[in-house]
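Down below is the structure, laid out as structure tokens.
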Amino acid sequence: MSLENSFSKLCVSAQADSLAVKSLVFKPKTPKSAVPVPIVVVALQTTSTASALIAGETGTKDPRLARDDLFASHFKCGSAKDFNLGHLLQAASEFKLLLDTAIEHCQDGQILKLNDELSISKSDLSHYLQQFQPVTVDFSQEAKKPITKASASSAGSTTPYIQTKSAALEDAKLIGITVDKKLDFSGWYQQVLTKGEMLDYYDVSGCYILRPPSYAIWEKIQRWFDDKIKAIGVENAYFPMFVSSRVLEKEKDHIEGFAPEVAWVTRAGSSELEEPIAIRPTSETVMYPYYAKWIQSYRDLPIKLNQWNSVVRWEFKHPQPFLRTREFLWQEGHTAHLTKEDAEEEVLQILDFYAGVYEELLAVPVIKGKKTEKEKFAGGDFTTTCEGYIPQTGRGIQGATSHHLGQNFSKMFNISVENPLGPEHPKVYAYQNSWGLSTRVIGVMVMIHSDNKGLVLPPRVAQNQCVVLPVGINAKTSDEQRAIIHQKSKEVEQRLRAARIRAFGDYNDNYTPGWKFAQYELKGIPLRLEFGPKDMANEQITAVRRNDNRKYTVKLSDLETRIPEILEDMQKDMFLKAKELFDSHRVIIEEWKDFVPALNRKCVILAPWCGVTECEEDIKDSSAKKDDGEEFEADDKAPSMGAKTLCTPFQQPQLKKDQLCIKCQRKAIQFTMFGRSY
Ligand SMILES: [Zn+2]
């Protein structure tokens, strides 16, 4: 019997609740003359094992996944594909073994699935691995804080991890969120999205996969918004994603605003393109040549087209899922009108729809207003916006923008008609708008509502609104009673679905109700419906809200009316809670000395302001300092970045007579909202 076979003797058959485990072998970088010491990493399949962390833990340089030759020379095993932990017994020389703490935290009886053939209990695996003196490593450290290039190259340094340890949640379950929202917001955000299955990372930096739970939310938004714009005469169309440089560069201010982020196709297969082709960062210049062609008479106006598409903006700033991504989904509406009034009316109409997406669907309060000259859309006349607020970081976030382009583009692209007053009058250039709302909305929603247990989703947009769970079944429960509880639970689910409530049930007896509760809390299912023997006796069901754990007892006879009411109340309460946080952190500040302290209290600020761009820049620079005046780098993590103007709200506090600008000696013309922002 070979040594490998003695390992397989420990193995058992896989079970439904087996946890998949991976065994990876890394080869560190060593001088050519030296014999490399392989590093074997045993971790849960779901654990991300960053090579920088492996390097740090083993004091090695640049470990890479080993190639087949190392498996052959070191473990007498043909290839990486054939390798299993049994081969460790055949090692030709020393190796290092790293063991994921997540495995250590499993129950002894937990079955771990090593590959299609081999499964083993956790206790047997620990015992087996003990002979190789494993070092246990908390790989979740890596998820909490992105490792910078600098720290990754300084092998053996563990400093980057120490400060994040305090953010680990004390009682976090293995599958749950292990980072505290208060202590490490970006690490928390990343975990909530990935563990909640909203999104996955992709091997092109800045690009992400939208998984069904987040795409379902996008579809809800699409349907709602699409109905609204169709009701005001907008039609959907689709234009190509490619744009020639000649056309892209036609409007100078516009292209200046986008140039650094434009991605270009320069090659097809192995041949260089004669002329590089840009991928749209937005479609003004793609669409408007055709507007010029199609609009021949004032009777052709207005033209109102919208497209649901994706655009590419090749940003180099630190990417953030949903908020700053190189490709994102959005809608872009482009309309042309005969009169300025007609166009301006639509700009505000669309802005109301955008505010509706946030407030009515996502339970996120926003402030509507106008962007400053500095922050407006490149090439447009003015930009209106709805601005949100992220309480945890105290930062403002641009929600969606609706632009009036005036006649800038119509003059450039010659979108003109004869004057309705007669041919003796000069021809009229169309007044245009463009407006866009992107998947960023989903990120804002997650940041505002979700918590340390996972996602919290507003019922109106959640893919699933209710999960029905049989409870109170234990060893003493008879098979007959268990069957009845399951049957009744399924009836509840079916009745809810018939009433157009998005419900599903989980009748798997291999998991405890507690485990299921945690799972569905992680995924943000708005309402948990528990049905057990007591509920059955009383002809009721117990409903628990995800946002605040509030419990309701609902008579089975009232199911179809009560559950929608509870969901609607939850939606309202989520909005009110977020609104109360925004309202209490939006403060009027009239003296400069109070400005930075208010920012540091995580507030956004309404301040009397002169409206002058130099003053706006001065405010940003002057507020980009800590209280003690110490300079700092305005990067993504810095809490004391400078305050930008977010918008000039349409709803204005009253200016005092002769009130001066908060920063300079000019007269204030309005209250403008300032804040640190995303
Ligand atoms: Zn000023």
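Side notes on the structure shown:
- The stretch 420-476 and the stretch 637-678 have their alpha-carbon centroids 28 Å apart.
- Here is what passes the span test in the chain: the DSSP H helices with alpha carbon length of 27 Å or more along the helix axis and a Kyte-Doolittle mean of -1.0 or above are 212-231, 559-584.
- Computed label-point distance, nm, for sites ALA50 and GLU274 using a 7 Å Cα→Cβ extension: 4.8 nm
- Packing-based exposure ordering (other Cβ within 10 Å, fewest first) of GLU359, GLU480: GLU480, GLU359
- Full extension of the segment from GLU565 to LYS476, taken as 0.36 nm per residue of separation minus the current Cα-Cα distance, would add 28.5 nm.
- Proxy reagent accessibility, fewest Cβ within 10 Å first, across CYS106, CYS664: CYS664, CYS106
- Whole-Hz ³J(HN,Hα) from phi, Karplus 6.51 cos²θ - 1.76 cosθ + 1.60, for the stretch 538-544, glycine and proline x: 9, 6, 9, 9, 9, 10, 10
- Mean residue ellipticity (222 nm) of the chain, computed from DSSP H runs ≥ 4 via -39,500 (n - 2.57), nearest 500: -9500 deg cm²/dmol
- Here the stretch 441-458 is scanned for amide nitrogen atoms under 20 Å from the site 7 Å beyond the Cα of ILE175 along Cα-to-Cβ, giving 451-457.
- Along the stretch 105-118 the Karplus relation, 6.51 cos²θ - 1.76 cosθ + 1.60 evaluated at θ = phi - 60°, assigns HN-Hα couplings of 7, 5, 5, 4, x, 4, 8, 10, 9, 8, 6, 4, 9, 10 Hz to successive residues, with x for each Gly and Pro.
- Label-point separation, LEU65 to GLU235 (7 Å along Cα→Cβ), nm: 5.0 nm
- Our summary gives the chain a relative contact order of 10 percent, counting only alpha carbon pairs under 8 angstrom and 6 or more residues apart.
- Amide N of the stretch 463-493 lying under 14 Å from the label point, which is placed 7 angstrom from the Cα of LYS551 along Cα→Cβ: 471-472
- Theoretical FRET efficiency, 1/(1+(r/R0)^6), r = Cβ-Cβ of LYS593 and GLN651, R0 35 Å, to 0.05: 0.85
- Only Lys, Arg (+1) and Asp, Glu (-1) charged, at Cβ; the chain dipole about Cα centre in debye: 560 debye
- With K and R counted +1 and D and E -1, the other residues having a Cβ less than 13 Å from that of ASP658 yield a net charge of +3.
- Around PRO134: net Lys/Arg minus Asp/Glu count, Cβ-Cβ under 13 Å: -2
- When the stretch 260-361 is described by a simple charge dipole with +1 on each Lys and Arg Cβ and -1 on each Asp and Glu Cβ, the residue from GLN349, PRO281, HIS334 located farthest towards its positive end is PRO281.
- Remark: the HIS105-ARG497 segment gains 137.3 nm on full extension, using 0.36 nm per residue and subtracting the alpha carbon distance.
- Simple Cβ-charge dipole of the stretch 331-393, Lys/Arg +1 and Asp/Glu -1, about Cα centre, in debye nearest 20: 320 debye
- A straight chain from ASN508 to ASP573 at 0.36 nm per residue would run longer than the Cα-Cα distance by 20.2 nm.
- The label-point distance for VAL265 and TRP294, in a model that sets each label 7 Å from Cα toward Cβ, rounds to 2.2 nm.
- Mean-position separation - Cα centroids, the stretch 1-53 and the stretch 112-126, in angstrom: 12 Å
Only the coordinates and a few stated rules stand behind these numbers; no lab work does. Here the structure is a predicted model, which means the values were calculated and not measured. Backbone-built Cβ (ideal geometry, glycine too); neighbour counts: all protein chains shown.
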